[in-house]
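Scroll down for the structure; my scribbles are underneath it.
Every read-out reported here was derived from the displayed coordinates using simple, explicitly stated rules and does not represent laboratory data. In this text the structure is predicted, and so the values were computed from the model without any measurement. Here the Cβ positions follow ideal geometry from the backbone for every residue, glycine too, while neighbour counts run over all protein chains shown.
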Amino acid sequence: MRIASEGYPFIAGLGTAAVVFFATRHPAGYAAGGVSLVLTMFCLFFFRDPERHPVQDPRAVIAPGDGRIMEVTEETHPMTGGRVKVVRIFLSIFDVHVQHSPIAGKVARIEYKKGRFLDARDPRAAHENESNSILIENERMKVVVKQIAGLIARRIVCHVRLGQELRTGQKLGLIRFGSQVDVYLPMDMEVCVAPGERVVSGVSLLAMSKK
């Protein structure tokens, strides 16, 4: 299993702490070492980066994040210039937190916004929390992926740059420790998921173009 590079400092630091605590050969040191070891194992689990093999269908929009569908709705989005369909995905601390590009296309815009750190399940989180929005476009569609920080997630990592050409399933970035990923789709897309369903980043079909 691959580990996302963002996890290395946590894993190395906690692993080193465990060794130091155990080396004291003191009951308190053993206790602290045990806690550090458990946290090290958790970070290895949390920062896992499994390989994904998305379907390369130009009509398909693939889920950019692992998790559970919270909501499918409609709203106006400034990056697309009009009404869009919105699919919100909640990522618990047990989900893979690496995001993948839902379509092949060019990064047309990246917009980072500072904000609050409400629980990702709070309806206000999508609009008030710290976030990073990535507009990806090709000849068929424009899709926005919004990485949203949560109550525990305090760090959004974006791996792509403006003007970069992406393939479907290419890594976009990572959010640390519980979060939300929203996907903004053209109104003529057929959404293939419903609230409560689980999706796998880079694999699950989220929507399909009718064109």
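What aspartates and glutamates sit close enough to LYS171 to cross-link, taking a C-alpha to C-alpha distance under 14 Å and skipping anything fewer than 8 places away on the same chain? Cross-link targets: GLU6, ASP49, GLU51, ASP66. In this structure the amide hydrogen of ILE3, modeled in the peptide plane, comes within under 5 Å of the amide hydrogens of ASP49, none closer than 5 places in sequence on its chain. Using the Karplus relation 6.51 cos²θ - 1.76 cosθ + 1.60 with θ = phi - 60°, the per-residue 3J(HN,Hα) values for the range 27-34 come to x, 5, x, 4, 5, 5, x, x Hz, with x marking Gly and Pro. When the listed pairs LYS113/LYS210; LYS114/LYS210; LYS142/LYS210; LYS113/LYS211 are checked against a 25 Å cut-off, the alpha-carbon distance exceeds it for LYS113/LYS210; LYS114/LYS210; LYS113/LYS211. Counted residue by residue at 0.36 nm each, then reduced by the alpha carbon distance between them, the extension gain from VAL203 to GLU190 reaches 3.0 nm. Per residue, the convex hull around the alpha carbon atoms of the chain comes to 116 Å³.
Could you compute the net charge surrounding ALA4? Neighbours are other residues with a C-beta less than 11 Å from the C-beta of ALA4; K and R count +1, D and E count -1. Local net charge: +2.
Taking 7 Å steps out from each Cα toward its Cβ at ARG116 and SER92 produces label points 2.4 nm apart. The order of LYS210, LYS113, going from fewest to most other C-beta atoms within 10 Å of their C-beta, is LYS210, LYS113. The chymotrypsin sites (Phe, Trp or Tyr not before Pro) of the range 17-103 that meet both conditions, a loop assignment by DSSP and at most 12 other Cβ atoms within 10 Å of the site Cβ, are PHE94. Using a simple spin-label model with pseudo-atoms 7 Å out from Cα toward Cβ, GLN56 and VAL19 lie 4.3 nm apart.
Normalised by the number of residues in the range 5-46, what is the relative contact order in percent for Cα pairs under 8 Å and 6+ residues apart? Contact order relative to length: 46 percent.
If you average the alpha carbon positions of the range 168-205 and of the range 90-144, how far apart do those two centres end up, in angstrom? Distance between centres, Cα-based: 9 Å. In the chain, helical runs assigned H by DSSP with n ≥ 4 each contribute -39500 (n - 2.57); averaged across all residues and rounded to the nearest 500, the mean residue ellipticity at 222 nm is -6000 deg cm²/dmol.
Karplus-based coupling profile of the range 133-140, in residue order and whole Hz: 9, 10, 8, 10, 9, 9, 5, 9, with θ = phi - 60° in 6.51 cos²θ - 1.76 cosθ + 1.60 and x standing for Gly or Pro. Sequentially through the range 37-49, phi angles give Karplus couplings (6.51, -1.76, 1.60; θ = phi - 60°) of 5, 4, 5, 4, 5, 5, 5, 4, 5, 5, 8, 4, 9 Hz, Gly and Pro residues having no value and appearing as x.
In the chain, Cα pairs under 8 Å separated by at least six residues give a relative contact order of 25 percent.
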